[in-house]
Structure formats: structure tokens, C-alpha cells
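Right, one structure below, let's go through it.
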Amino acid sequence: MALAFKVGVTLSGCEGVACRSNVPGIHRAVTGVLRGTPRVPETHGGRAAGRPSPLPVRPTILLMALAAAGCGDARVVEIAYVPGERVVAEVAQETITETFRSGPVIHITTDTAGFGDEADVEVSRANHIVLLPGLVAVVGHAGSRASLASAPVYRDARIPQIVPTGTSRLLRQVGPYTFPLAPDDSVEGAFMARFIAERLGARRVTVFYQNDEYGRGIRDGVTAELARRGVAVLYQSPVDGNSDVATLLDASLGAGRPDVIVAATQAALAGRLMRTGAARLPGVRMVAGDGALLLPALSREAGPAGDSIYCVTFWLRETGDPASRDFVERFRRLSGREPVGSDAMAFDALMLAATAVREVGPDRARVRHYLEALGREVPAPRGVTGALTFRRDRRPALVMVQLRDGVPRRVGFEP
Amino acid sequence: MSGIFAPIRPLRGLSVRTLGFALSVGIGLYVAGFVVYVALAFNAAARSLSARSADTPTLFGEMADRARALDAAVAASHRMLPADPGARVALARALRDTLLGLGDGVRSDRFAAVPRVMRVALSGADDRAAQLQTALLEAAALVELGRFTQVPARLGTADSLGLELERLLAVAQRHEVQDLASRERALAAAADRVVGAVAWWLVIGACLLGGAAVLLWRRLGQPLEALHDGLTRVSGGDLGTRLAVDRSDEMGQLAEHFNRMTGVLQSRAEAQGQFVAAGELIAGVAHEVNNPLMAIAALAENRLADARLPEEARDEVTLILRQARRAAKLVSGLLRFLRPVDDRAAAVDVNHVVRASLELVSYRFPVDEITLDLVLAPDLPLVRGQAARLEQVFVNLIANAADALVTIPAPRRLRVWSQRRGSDVVVSVEDNGPGITPAIAERLFHPFATSKGHGTGLGLYISREIVRAAGGDVTVCDDVRAGACFMVTLRAEAAARPASPEPATAGAAVAPAPRSLEGVEVLLVDDEAVVRQPLARFLRRMGALVIEARDGVEAAELLESHQPDVVVADLRMPRLDGPGLYVLIRERRPALAARVLILSGDLSRFGELAHSELADRFVAKPVELAELASRIAGVIQAEADVMIGTGSSV
């Protein structure tokens, strides 16, 4: 409600102002576009094609424009956040308003219209996002596949795109306007494999992966490192929301009993795999990628077996620096829940985009150059998840956590 | 003169150059705009056709290959259950290996380049392909696990997904065709638009071009045509031609310049006409003066030939003869200066030309108290040129120096010297006058440049043109101590011999004076008795038989009854003149024609007869009697030489 209220204030309050009246396209375009975006049914029964969706459904179309001050400021700039948890945008906007008391008025336009699993949805969304007047940067989309599908659109429009959570290594190849903030899947996969081999002492592993860029990327990263360490991969199989997980798991046992099941999937699927695996193979442990750590979906699907799941995350709220504390407090206040790694990454990405605009002005080319220069010519700003750069040698903020009573707890294992 | 050099009216309004520049820029922009328009009109449609055409079929082809492989896998999956129980597991494992070997699906970023309508179908097909792959793997897993009763349901799902995949690809293919057709239509529409625009562009361009042509014709063409007509009339001799100055642009200025030029030419032509008339008058007077001078000289010589003449009278007659010859020399110089010039270049002795020039001007020196310092190098080579024109140059330079000298108090010195300098012959004329003023120095050799207050201002200009035509130049001396100094540089003839100290006179070579003309019969024809009679007396005293005639007609009658050896005829006579008589003799007495001499005081006609067969028969009045005797002896001797050569007798 608070969000809806702010949207209403911003739009109605600015309608009569010259600076907004000459850019009515912002609102018409975004609202029109987003209203026209196919809405994803909020059931597991299936998406547009009628098949069940394994993924939690995000809130539908919402335009959020948080004006810090003065609609009449000609330097109103837009940062599109699409699609993601809207509360992250609220936290970021509040932080921006308080932190950047002068300079351009930065609006965060949020499109949380469903998960863009199909490429055409993401491309269409991106094609409309780029029409936003005053748009300087995009934060999103959610996940590797969605970000990868939309990246060429932003590249062609020369709009910097900060991808907060996408881990596909392909994101680093798609063009100079895409900046993935998370470590890529080869790094994450290697981290998981090292944990499996060193910490869990596993010698035999079965891998289930989501059949998209995210799942395949984690699969490749994990299996490559496991092979290097001499750990046997007994069985590999793609899975999706329609899969009969039990059958696949049973079939995998034909190749041998694994010490560890690797789940390169989103949360719901990982939970189902764990619950089924625990039933079939008592004592088996599961190691999942960052995509699985979506609470409470993961623990709900996994049930009691949830405590046997190890997950990778890029941030854990127990980190005690002031920035993290402030972020956690705001997040709790605005959402009523604890933030997870993807929230922190999205927050950092939004704050980084706003910082870039503040530092170099609302110019896409300069913002792109600023982002590219982070950690080189430009000092890397400190975010919630650590120093923010896009250098390949950036020290990954990888944390292995274990669910205990539905709460992720740090496992003492350094990347 | 000030009117000639008065400033032309300044440019006002749009100049022709500005107009030309504006038209050029306008035409350039029009053409460039046309090219840009065509490029832009085609660009979007052509790029759309080419850019998408490359990516979409490739993507579609890959997905179709993947769909075919999955279709084969579906077919293989249906063969599992009917197979022998022992073979089922093997088939299932083979199917699993096949499915895992299919590789990954299409990279998501490749869909961005696909048109929307196709992208929906293709991305949906990609998802169905992934689901189908998973469903078939599950079916294979069920077979491996021996759960055969669950397999048909799973295969049914796989079949449904396969059909959906096939349908989506068909949709994509249909959209691909439609999209291609729509882009082709867009390109065709763009082409139609461009063709229409080109037609309009050409029509508008033709109109604009026509307007520009009319404008140019009025601003440039018409004035140029008027200028051309004016120049044609001027070259035809109409110096009164004037152009209308009805505009204030460059063409107006050009017309104004033209009018001033023709004005100058007209005034110069009028002045030149006066000079020509004066020259003709002087030539006529000189001719009339020559005859009395001839008579005076002949009478004086006859008198001096009388040994009985008292001493005092002899001195007086000698004085008369000397003054007569002095006057004759001056007159002959004037006539030579005024006579028409032979345009052909010849080897010229520069020293001789300098002397002849000085003879014309030197009458001023005693009166103006000018001391002449003449130093002529004796061994100068000949130069190629026209003696009469070079004489004009030196007369001009010497006269200029004399004019300058009279403006200063005595002593007044004029120094003329010739020298050889390398392959050139240089004649310098230097005076100690006031020198060249800075005001005139820059345009010294320009037409109408004068500081004398009188004169045309053309002297130096024409002099330099004459010398340059001969391959030389007229310059101001580098090192002048005081006054002015001009240097005439002429190129020496490569194969020319050094000039003899005393040049030969014009006309035939003069033989030594004979002691006697004994037995020679001379027909002497002259209308003036005062000339004819002293000559006749002189010839008779030389022993010749002289027959006198008063004109050509009378001479022709006498030729009927006499056989003269030589005919000496005056050039200008009433009824029949000397050349006419010659023609008559050539017809009636061809042998005698070679022994006809023509006497004349009118040297102006030498030019017109110089190339005739009488060219070497002229004897200029006043002639010394001894020279006349030599010429008569000469023609007789020449004829005799010819007769001896041919075996004839005189």
C-alpha cells in the first residue's frame, strides 16, 4: 500500500508540472507496456502454456517512481529495475533520497511483472523499457536467462545494464553494456565442487540441473571442478517444473548411490529434489546454487529435509558492517522479512547505478564508462555485498550457507 | 589622363560571384539532399531486410534441426515398449545417451534479433524442446526402472510436447515467410516512394535549374554577349563603341572598363591619326624639298667643275653644295624615319642604327648645349631585327634624354655607347639629367606613363615592345651615378660576322665613280627642268649622249627613234611616272628594262617598291653626281656581264 500510495503521489503530483508534462510518455509508456505484459498465473498449474510453474510468482505490474524532491528538476533520470522484488527498489530509493540530498532526482521505475522465463517476454519487456524517457541505466533482469535474453536490446540501445544475480558466463560475452555483478557460474560451480570435495568429502555426485543458461552454467562449473578433483559424477539429468523428480532420482540410482546431490535449479525444484532425495537416500546431502536460496519457497518445498541443503549465496545478513545493518533494518521495516543474498545484490546494483549517475551525470555513455572503470581508474565503492567492481579478478563474495529451521546459517568455508 | 584612371564605381547589391557561389551551393545542397533522401528512404527497409535475414533463418534452422532430432528421439522412445524385455533397457539407455548428447538449447540472447511475431513462437518452441527432452529422459528412466505402466502416459506427454513444438515451429516458419514478405513489401514501398520522390525532385530541380539559367543569363549571359558584340565592333575598327552600364555588379564594372578602354583607344587613334597625317605631310614636303636640293647640288657641282670659276665664287658654291647636302641628309633621315617599315627581320649593324638615330636628333645638341659622348665598339656582331624599328627605339631614348637634359642647367652631357656583353650587344643611353622620379619608376614601361608634361607616354612602352619582339629587352641601368640610364640589350646573331666599321648604304652597291661615260646614250626623264638640266649637263660633260624628256609619255615617244643605253627616270611625273615607263620599256624593249634607274626624292615609296624588280634601281635624291655616274656605269657593266655570259652583244 505504501508503494501504491507513493506512485499515486508521484504521478498526480507531477502531472501539472512542466518537466513532467513534457514527458508524459514515461508514465504512459511504462504503465501501458507493463499492463500489456502477459500476466503469469500465480499457481503451480502452469504459465501461459498451461504447464505448472515451479517458480514463485512476483507481484504484477507496478510502476514505482519515487521522487526525492522537486518534480521541476530538469535532471530527473530514470533507472529501470526489472523484474525484481519491489521492496528492494523501495529500500534503494529511500537510501538514495537520504544519501543524495543534492544532484539529479533519480527515479527507480520498477517492473516486477512476472518472471521472464521465456526469452520473448524478456525481449519484449526490454524493448519497451528502452523507450522510457530519461532512462540512464537498467538493473536487471532477474536470472541468467532473462538477463541474457534482454541484453542485446540494451546493447543496441546503448543503455548500461547491471545484472545483479545472473551468473551465466555468457553474460560477459554479450556486449560492453552488460555488467554482471555476481560471480559467474564457473566460479560459483568451482566453489560448490570444492565444498563438496573438501568439506563434505564426497566422492560420488549426481547432478540435476535446470535446462537453461543458469542450470547448464552451474552444471558445467561443478562438473569441471569435480573432474579436476577426481570426484565421480554418477548421473546428470535436466529437470523442470513438470519433471517427475522421483522417477529421475530413482533412475539415477541405477548409476550408483551418490554422496551428494547437486541441484542447479531454482528454489522450488531444489526443495522437491531434496525432499524426494531424503526419502530415497537417507543421509544424502544436497548442494544447491544461489538460485535455490529463495525463502521461504525452498524450505517449504523441501520440508524436513531442508536442513540437509547447502546453498550458495553472495551475501548473508550476519555481515556486520554499517551499510549492511542499515540495509537490513530498512528492508525489515519495509518488507517485514529478512533480506537474502539476491535482495542485497539487487540493492547494491541499484545503488551502484544511482552512484554512477551522481558521479558522472545522467549520460548513458559516461555511466557505462564509469561502470567499466570501477576498480581501475575509479575506486570501487563499498556495497552491502562488498567492493563493487566488474573486474574478472574481483574477489567473489561467495558464502556457503546451510538451512537450519528455515534460516540460512553460514558454513565455515571460505571461497 | 586622370579620367582614364578614375576609380570605377564600387560593387553594389548581389555580385555575380556571390550569385554564382550561392547557386553552386544551392545546386550542391539540392543534389546532396536528394542523395541523402534516397539513402535514408532505402536505408531502413534495406537494413531491415538484410540484418534480420541473416540471423533468423540460422536460428530457425538450428531449432528445426533440434526438433528433428527430438522427433527421432520420440520415435525411438515409442520403440522401447514393443521391444523385447531384455532390449528395453538397452534402448532406454541409448535414448538417454542420445538425449543428453543433443547439447544445449539456443542461447537466449539470440532471440533479441528475431522479429516479435517469430520470437514468441521460437522461444516457446525452445522451451517445449527443453521440456520434451526432459520428458523423454523421464520416459527412458521409467523404462530403466521397469515401471512400464507409467511409460505410455509419459510418452503421451512427450507426444503432446512434440506436436506443440512442431506447431510452434510451423507458426514461426509462417511468420518468417510473412515477415520476409512484409519487409520485402516495405522495401518495395520504399522504392515506390523513392521513384515518386525522384520524379518530383527532377521536376522541381528542372524548374529551379531553369530559373537559375534565366537568372544567370540575365546577370551573366546578356552582359557577356553585349561585351562580345562590343569587342567584335572594336576589332572591326569601330572605336566609338560603348556598352550600356545599367548594373552595379562585376559585369557593370566590366562594361565601364570596356567603355574607358575604347575611349582611350579612340583618343589615341585620333592622336595617332594626327601623327600619321603629319608624317605624310612631312614626307611630301621632303620630296618637294629634295628636288630643289637636287637642283641646287647639281648646279653647284656643275659650277665647281668649271675650272675657270674664281676662287671666291668657288668657296661660296662649295658652301652652297655642303649646306645643300646637309639639308638633304636631314631630309633623307626624316623620310627614312617616316617611311613604312619592312616587317621582316634582318641582320642589323647596331652601331649604324645608333649613328642614324643620332643624325635625326643631333640638330638639338648645339642649341641645347648638349655634349655628346659617343663610344661605339668597333667589333660588334650583327643583331637580328628591323633596323627602322630599332632606329625608332634609339631616337626615342636619345630624344627622352635630350628632353630631360634641357630641364637642368649646363653642363648637359649625353653619353651613348655600345658594347658586347657575352652573346648580347648592349647599347646604353645615359644622361646627367634629373633622373627617374620614384612616382614614375614603378610604371616606367607602362603605357601612358610620362613625366614630361607633353608627349603620349607610349615611347618607352613601345620601345620595349619593339626590342622584346627582337628577342632583347630595354631596362634601366643597374648602376647610375646621376641622371637616367637606359640599356638596350639585343641578342647577337650566332653566325653573324662583326659589322664593318662603315656600313653599306641601302640599295645597290655603289661602284667607283667612272672617269668617263664616253659614248653612253642616256635617256634622262624628269618633269622638273631645274633638276633634269643640271644632270644632263653633268652627264654630257662626262661624255655621255643625253636625251631629255619631260615625262614618261615623252620618253616613250623618244624611245621610238632612239636606242639609249640607259634610262634615268624620275619616280613621280605627270602623265606617266617612272615605274609606268619601266613597264612600258619592259614590254617594248625588254633588253633595255635592265638598264632603267629610278630617281626619287620620295623615299616613302621605297617600301612599296622594295620587293619589286626595281628594288635595286632606286637612286635617292639628292644624289651626288659622281654617284649617279657610278650607278649608270654600274648597270651598263652588269648588263655587259650578263651579255658575255649569254654570248650576246650590247
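The values are calculated or read from the model by the stated rules, or taken from the named source; none is laboratory data. Computed from a predicted structure; not experimentally measured. Because the Cβ atoms are built from the backbone with ideal geometry, glycine has one as well, and the counts that use them run over all protein chains shown. All accessible areas refer to the heavy atoms of the entire protein, side chains included, with ligands and DNA or RNA removed. Shrake-Rupley method; radii C 1.70, N 1.55, O 1.52, S 1.80 Å.
Here is how the numbers come out for the structure above:
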| quantity | calculated |
| --- | --- |
| Debye equation applied to the C-alpha atoms of segment B:279-341, log10 I(q)/I(0) at 0.13, 0.19, 0.25, 0.28 Å⁻¹ | -0.41, -0.69, -0.94, -1.08 |
| Backbone HN-Hα couplings from phi across segment B:619-633 [Karplus 6.51/-1.76/1.60, Hz, Gly and Pro as x] | 10, 7, 7, x, 10, 5, 5, 4, 5, 4, 4, 5, 5, 5, 4 |
| Per residue, in Å², the accessible surface of segment A:165-264 once ligands and nucleic acids are set aside, probe 1.4 Å | 27 Å² |
| For residues of B:114-125, the mean tally of beta carbons on other chains within 10 Å | 3 |
| Other-chain or far-sequence residues with amide H under 5 Å of B:G435's (modelled H) | B:G483, B:A484 |
| Directionally averaged projected area (convex hull, Cα atoms, chain B), nm² | 61.3 nm² |
| Mean accessible surface per residue for segment B:309-440, computed with a 1.4 Å probe while every protein chain stays in place, in Å² | 50 Å² |
| Segment B:236-285, accessible surface, carbon-and-sulfur percent (1.4 angstrom probe) | 61 percent |
| Heavy atoms of A:S243 accessible to a 1.4 Å probe, total area in Å² rounded to 10 | 10 Å² |
| Efficiency of FRET between B:A591 and B:T371 - r from beta-carbon atoms, R0 51 angstrom, step 0.05 | 0.35 |
| 1.4 Å probe, heavy atoms, protein only - residues of segment A:222-267 losing at least 20 Å² accessible area vs chain alone | A:Y235, A:Q236, A:P238, A:D240, A:N242, A:D244, A:T247, A:L248, A:D250, A:A251 |
| Projected label distance in nm at A:R257 and B:A313, using a 7 Å step from Cα toward the beta-carbon | 18.3 nm |
| Theoretical gain in end-to-end length, B:I462 to B:S160 [0.36 nm per residue, Cα-Cα removed] | 97.5 nm |
| Degrees separating the helix B:552-561 axis from the principal Cα axis of chain B, which is the longest one | 60 degrees |
| Apportionment of accessible area to carbon and sulfur, segment B:289-395, percent (1.4 Å) | 57 percent |
| Stretchable slack from B:V25 to B:E627, in nm (0.36 nm times residue separation minus alpha-carbon distance) | 208.5 nm |
| Accessible surface, segment B:132-183, averaged per residue in Å² (probe 1.4 Å) | 41 Å² |
| Difference of contour (0.36 nm per residue) and Cα-Cα distance, B:V38 to B:D246 | 70.5 nm |
| Check: chain B dipole with +1 on Lys, Arg Cβ and -1 on Asp, Glu Cβ, in debye | 2280 debye |
| Buried on assembly, segment A:131-168 (at least 40 Å² less accessible surface than by itself, 1.4 Å probe) | A:R145 |
| MRE, 222 nm, helices only [DSSP H, n ≥ 4, -39500 (n - 2.57), over chain B, to nearest 500] | -21000 deg cm²/dmol |
| Which of A:G217, A:Q236, A:T265, positive extreme of dipole for segment A:197-307 (C-beta unit charges) | A:Q236 |
| Residue-count net charge about B:H175 - beta-carbon cut-off 10 Å; Lys, Arg +1, Asp, Glu -1 | +1 |
| Separation between Cα centres of segment B:261-321 and segment A:339-374, rounded to whole Å | 117 Å |
| Cα gyration tensor shape for segment A:167-258, rounded if a/c is under 1.5, else prolate or oblate | oblate |
| Per-peptide average of other Cβ atoms within 10 Å, ordering A:184-195, B:236-247 highest first | A:184-195, B:236-247 |
| No Cys partner within the rule (Cβ under 4.7 Å), chain B | B:C207 |
| B/A buried area, accessible surface, summed, 1.4 Å probe, Å² | 2600 Å² |
| Segment B:95-149, accessible surface, carbon-and-sulfur percent (1.4 angstrom probe) | 50 percent |
| Hull volume in cubic angstrom per residue (convex hull over the Cα atoms of segment B:185-271) | 100 Å³ |
| Cα long-axis angle, helix B:529-541 against chain B (0 to 90 degrees, to the nearest 10) | 70 degrees |
| Shape category assigned to segment A:220-291 from the gyration tensor of Cα positions, a/c cut at 1.5 | oblate |
